[in-house]
Amino acid sequence: MTEETTDRQDTFFAFDDEQDDEQEEHDGGRARRSIAWRPTAVGLLGLLLGLVLAVSAALAWDDSRRLAGYADRSWVISGQYQDLTNDLQTKTWNPIYRGVLPADEAVTEQPFDSGLADPRVPEAGEEIVFRGTQTGSREEDFHEEADALLAVEEGTLQVVETAEAGEFGDGVTAGTVAWQRVQAALLLLAGLGAAAGGIWFARRLYRREH
């Protein structure tokens with residue numbers, strides 16, 4: 001074998017080794033990039049959970065603000081679904097419920113507006129029909145049994161909100177509003193914890209794998 005042939009073989013094998021090294025580096029880099037998706041996914045999951053909890057906290061706080069105006073000056077009655085009626089502002093429908101006014105003489109101190117007929121002064125404990133505040137396009141969109149929150153607005157007793165049975169408990173009080181705000185605060189803290197925890201765990205996972 002000539003010296004020239006030997007040099008060519010050495011050059012060939014050296015080139016082949018370089019290709020193998022480059023391939024290994026390429027494969028290793030690709031593997032590292034694929035592994036990096038795991039901490040990224042963990043971080044995004046934590047942020048997403050945190051966002052969901054933060055939105056829930058905002059909704060709970062908004063509910064507490066809305067109900068604060070009715071604390072200790074409202075009543076809750078149960079209603080049984082009866083029929084549908086056209087919504088007064090949109091092309092959808094409102095439910096009609098049947099219920100009984102509280103046996104409290106304070107309800108007779110002003111006219112009652114059922115949302116279905118002209119306001120009139122009711123009797124305490126009277127059976128009534130009233131318009132629900134929910135909207136929908138069919139009967140299945142409404143609760144068979146609902147709670148109605150009654151309050152005096154501009155000198156008229158009226159249904160200010162209807163919701164699923166049990167939503168308002170025994171009535172809206174200052175304690176009810178305070179508890180809703182505590183829940184909102186807890187949800188917000190949980191959201192911040194989930195987001196921070198997700199980022200922390202993602203960073204730890206990344207460092208462990210790299």
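The values are calculated or read from the model by the stated rules, or taken from the named source; none is laboratory data. Just so it is clear, the model here is predicted, and its values are computed rather than measured. Because the Cβ atoms are built from the backbone with ideal geometry, glycine has one as well, and the counts that use them run over all protein chains shown. The protein model used for the area step is the full one, side chains on, heavy atoms only, and it has no ligands, DNA or RNA in it. Shrake-Rupley method; radii C 1.70, N 1.55, O 1.52, S 1.80 Å.
Structural remarks
- Residue count for region 116-146, restricted to those that are exposed (fewer than 13 other Cβ atoms within 10 Å of the Cβ) and among the hydroxyl-bearing types (Ser, Thr, Tyr): 1.
- Counting the residues of region 67-90 that are in a loop (DSSP other than H, G, I, E, B) and under 18 Å from VAL107 (Cβ atoms) gives 4.
- Restricting attention to region 181-206, the residues that are over 15 Å from GLY50 (Cα atoms) and open to solvent by less than 50 Å² (accessible area, probe 1.4 Å) add up to 1.
- ARG181 being of a type in the set (D, E, K, R), within 14 Å of LEU67 (Cα to Cα) and either touching a helix residue (DSSP H, G or I) at 6+ places or on another chain (Cβ under 6 Å) or touching a residue at least 12 places away in the same chain (Cβ under 8 Å) (or both): yes
- Taken as a whole, region 182-201 holds no residue that is in a helix (DSSP H, G or I), in contact with an Asp or Glu (Cβ under 9 Å, 6 or more places away or on another chain) and within 19 Å of ASP72 (Cβ to Cβ).
- Among residues that are in contact with a helix residue (DSSP H, G or I) (Cβ under 7 Å, 6 or more places away or on another chain), more than 23 Å from GLY155 (Cα to Cα) and open to solvent by 40 Å² or more (accessible area, probe 1.4 Å), LEU59 is not included.
- Filtered residues of region 147-180 (kept if assigned to a loop (DSSP other than H, G, I, E, B) and open to solvent by less than 40 Å² (accessible area, probe 1.4 Å)): PHE168, GLY171, VAL172
For every residue, the table says whether it meets (1) charged (D, E, K, R); (2) under 31 Å from the mean Cα position of the chain (by Cα).
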{"residue": "GLN110", "(1), (2)": "no, no"}
{"residue": "GLY115", "(1), (2)": "no, yes"}
{"residue": "ALA124", "(1), (2)": "no, no"}
{"residue": "ARG131", "(1), (2)": "yes, yes"}
{"residue": "GLU144", "(1), (2)": "yes, yes"}
{"residue": "THR156", "(1), (2)": "no, no"}
{"residue": "GLU167", "(1), (2)": "yes, yes"}
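- Inspection of region 98-107 identifies at least one residue that is in a strand (DSSP E or B) and not charged (D, E, K, R).
- Residue list for region 62-79, restricted to those being open to solvent by 80 Å² or more (accessible area, probe 1.4 Å) and either of a type in the set (A, V, I, L, M) or at pLDDT 90 or above (or both): SER78
- Some residue of region 137-146 being hydroxyl-bearing (Ser, Thr, Tyr), assigned to a loop (DSSP other than H, G, I, E, B) and over 28 Å from GLY50 (Cα atoms): yes
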